[in-house]
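**Student:** My structure is below; once you've seen it, I'll send some questions.
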Amino acid sequence: MSIHRIHCQPLRYIVRNNRCFMPILVLAMLIEIAPTVANGPSTSTIIVTVEPRTGGKIQGAVVDFNDHGLVLVKAGVPYALAWKQIEPTTAYTARRDLIAHQRGGWEKLSAQDHFDLGQFALAFDRQDLARAEFGQASKLAKGQFEQSIRNAWQQMREKRKRLQLDKKLSRLARKSENTQSQTLPGNDLSISRMGDDLDDAVTLTNQAGFVNDVNDEIRKRVREAYLIYGQKVQEVMGKSVVFIETDHFLIWTDWPKLSRDQLAGWLEDMYASLSVQFGIDVSSNIFLAKCPVFCWRSRARYQRFAQKFDGYDGKDSLGYTRSIESNGHVHMAFMRKGSTQADIDRIACTIVHEGTHAFLHRLFTTRLLPHWINEGAAEMTTAAVLGQQCPAGGNAALLARQYARYDWPIGRLFQSVAPIDAHQYPLAQSIVSYLNTQSVMRWRTLIKALKQGKTFPEALALAYDGTSLQQLDADWRKANSGLDNS
Ligand SMILES: [Zn+2]
């Protein structure tokens, strides 16, 4: 099998001490710093425990928080998390404790604080907690919050109605649609080996190996190989698998109709955004043919696909991109879990993130980028395409602010080419976004140089007028200090 790389969107925040880029020094520094910072010169910080929605538990000292989320430090490693990434009960408890701490005690919470906490609980659909907080607000303000509280409940009911309607429509659409598998060309060709890899199919199609200069004949042959492969996927995964084609993607999915439309929208929006970022004609196609995408409605089906077709267990991820350096092939697979707005947002973010890896794999050359640049760029695109739907932008801003404020070292991130941990994504995103906003032309030159085999220090100097790593570090910190806490 060709050399390949599977990029996956981690499901959990895993603390891997051996990979941790933050030296122990940071912990020592925090012990000293923490009592005098965190949201005000006279306040100290507290330790909270939160449970990310994707599983696990993180307990640590909070160094900052805002309406978006919080940054906490565990064993010297900072984690930036949006509130919406945290299980409702622990998110509410952490936020309530932080505000109480900031005010100097439970009894110091104002009517407005209680009202805000009630709204916070409602956003998480915790009506029990909201009722208690609104009750406190009402009591303290002697009835002054009555109208605002009524409005908050009304908005919650309207939101709930909309969600129920969406669910109903989705159910109806699913019932009525014809889920027969499509007839694809190449019916007469049989694939003899189960679990044949898609990259094998591509390599067989073009023995010469191809990356750039893909002519129409090659595209046609690759497309045929993809369609045959898709048919095999339909055979193995069942008749509920539908094939849809967009301008740049070949999609096989068992999702209901409404979700399929969203899926196509996310993928094409991502493609359009990256085309603009890199000055690529959107009507051309950066992929070999179009990019194959496989989307599954459950974890079991996702893992079955991943194991059978990619030899990957798919255990700790929501999606992955498989890139083959030698022949330029790339495909993606995703799973869907749950149907709340938060679940839908999460899958949207995962798709745009992985889609960016697929696009970057094909851009200029098929050489693999250093992981931190690849992850940073994927998160930056996610924020650009989906905005507030994704925690990426808010997490990056909040975390970068702490690096600037406490002068935390970024270690050997700039020199690293190995995979980075999920908690480092916001840091990578912040640096990548900084480079991108300096000048999009320079950003393109940087990526091109990396894809031609230059190291990051070489590519940086080339694209940014001789900028050194030290200079970049200093400039990036400067840009992130004194930013508003919002
Ligand atoms: Zn990634």
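The values are calculated or read from the model by the stated rules, or taken from the named source; none is laboratory data. Quantities reported herein were computed from a predicted structural model and do not represent experimental measurements. Neighbour counts are summed over all protein chains in view; Cβ atoms, including those assigned to glycine, are modelled from backbone coordinates with ideal geometry.
**Student:** Please find, among Leu368, Leu386, Leu288, Leu318, the residue that is closer than 21 Å to Tyr434 by Cα and touching a helix residue (DSSP H, G or I) at 6+ places or on another chain (Cβ under 9 Å).
**Tutor:** Leu386
**Student:** Still on this structure, I have one more. Working carefully through the options Asn374, Asn395, find the one that is within 12 Å of the ligand (Cβ to nearest atom) and part of a helix (DSSP H, G or I). Give the steps one after another, and end with the answer.
**Tutor:** Values: Asn395 fails: within 12 Å of the ligand (Cβ to nearest atom).
Of Asn374, Asn395, the one residue that is within 12 Å of the ligand (Cβ to nearest atom) and part of a helix (DSSP H, G or I) is Asn374.
**Student:** Name the residue that is farthest from Phe364 (Cα to Cα), counting only residues in the range 311-350 that are modelled with pLDDT of 85 or more and either assigned to a helix (DSSP H, G or I) or in the same structural domain as Lys161 (by TED's automatic domain parsing) (or both).
**Tutor:** Once the filter is applied, the top-ranked residue is Asp343.
**Student:** Condition first: acidic (Asp, Glu) and part of a helix (DSSP H, G or I). Now tell me which residues in the range 258-298 satisfy that.
**Tutor:** Kept after step one, since they are acidic (Asp, Glu), are these residues of the range 258-298: 261, 268-269, 281.
Once the filter is applied, which keeps residues that are acidic (Asp, Glu) and part of a helix (DSSP H, G or I), the range 258-298 yields Asp261, Glu268, Asp269.
**Student:** Same structure, new question: Could you tell me whether Lys308 is surrounded by fewer than 23 Cβ atoms within 10 Å (Cβ to Cβ), within 17 Å of the chain's Cα centre (by Cα), away from the ligand (no atom under 16 Å from the Cβ) and over 30 Å from Thr445 (Cα atoms)?
**Tutor:** Working: surrounded by fewer than 23 Cβ atoms within 10 Å (Cβ to Cβ): yes; within 17 Å of the chain's Cα centre (by Cα): no; away from the ligand (no atom under 16 Å from the Cβ): yes; over 30 Å from Thr445 (Cα atoms): yes.
Here the answer is no, as Lys308 does not meet what is asked.
**Student:** Okay, next question. Considering each residue of the range 405-440, count those that are within 16 Å of the ligand (Cβ to nearest atom), among the polar types (S, T, N, Q) and either outside any helix (DSSP H, G or I) or in contact with a strand residue (DSSP E or B) (Cβ under 6 Å, 6 or more places away or on another chain) (or both), and give that number.
**Tutor:** Of the range 405-440, the ones within 16 Å of the ligand (Cβ to nearest atom) are 413, 416-433.
Add one more test, that the residue is among the polar types (S, T, N, Q), and what stays is 416, 424, 429-430, 433.
Next, only the ones that are either outside any helix (DSSP H, G or I) or in contact with a strand residue (DSSP E or B) (Cβ under 6 Å, 6 or more places away or on another chain) (or both) stay: 416.
So the count comes out to 1.
**Student:** Being crowded, with 20+ Cβ neighbours inside 10 Å, within 16 Å of the ligand (Cβ to nearest atom), assigned by TED's automatic domain parsing to the domain that holds Ile218 and modelled with pLDDT under 95 is the requirement here; does His357 meet it?
**Tutor:** Yes: the conditions hold for His357.
**Student:** While we're on this one: If I go through the range 103-127 residue by residue, how many of them are assigned to a helix (DSSP H, G or I) and more than 17 Å from Lys159 (Cβ to Cβ)? Explain how you work it out, then say what you get.
**Tutor:** In the first step, residues of the range 103-127 are kept if they are assigned to a helix (DSSP H, G or I); the result is 103, 106-108, 111-123, 127.
After this cut, where a residue has to be more than 17 Å from Lys159 (Cβ to Cβ) as well, the list is 103, 106-108, 111-117.
Summing the residues that are assigned to a helix (DSSP H, G or I) and more than 17 Å from Lys159 (Cβ to Cβ) in the range 103-127 gives 11.
Residue-wise test of (1) basic (Lys, Arg); (2) within 30 Å of Lys220 (Cβ to Cβ); (3) away from the ligand (no atom under 16 Å from the Cβ).
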position: Gln277; (1), (2), (3): no, yes, yes
position: Ile286; (1), (2), (3): no, yes, yes
position: Cys291; (1), (2), (3): no, yes, no
position: Phe294; (1), (2), (3): no, yes, yes
position: Arg299; (1), (2), (3): yes, no, yes
position: Arg304; (1), (2), (3): yes, no, yes
position: Asp313; (1), (2), (3): no, no, yes
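**Student:** Which residues, counting only those in the range 77-102, are in a helix (DSSP H, G or I), over 12 Å from Glu51 (Cα atoms) and either of a type in the set (Phe, Trp, Tyr) or modelled with pLDDT of 90 or more (or both)?
**Tutor:** Answer for the range 77-102, where residues must be in a helix (DSSP H, G or I), over 12 Å from Glu51 (Cα atoms) and either of a type in the set (Phe, Trp, Tyr) or modelled with pLDDT of 90 or more (or both): Arg95, Arg96, Asp97, Leu98, Ile99, Ala100, His101.
**Student:** Does the range 461-480 hold any residues that are touching a Leu at 6+ places or on another chain (Cβ under 8 Å), without any contact (Cβ under 8 Å) to a residue 40 or more places away in the chain and either closer than 16 Å to Arg405 by Cβ or not in a loop (DSSP other than H, G, I, E, B) (or both), and which are they?
**Tutor:** The answer is Leu462, Ala463.
**Student:** Further, regarding this structure: For Thr382, all conditions in the list (1) away from the ligand (no atom under 11 Å from the Cβ); (2) assigned to a helix (DSSP H, G or I) hold save one; what is the number of the exception?
**Tutor:** Among (1) away from the ligand (no atom under 11 Å from the Cβ); (2) assigned to a helix (DSSP H, G or I), Thr382 violates only (1).
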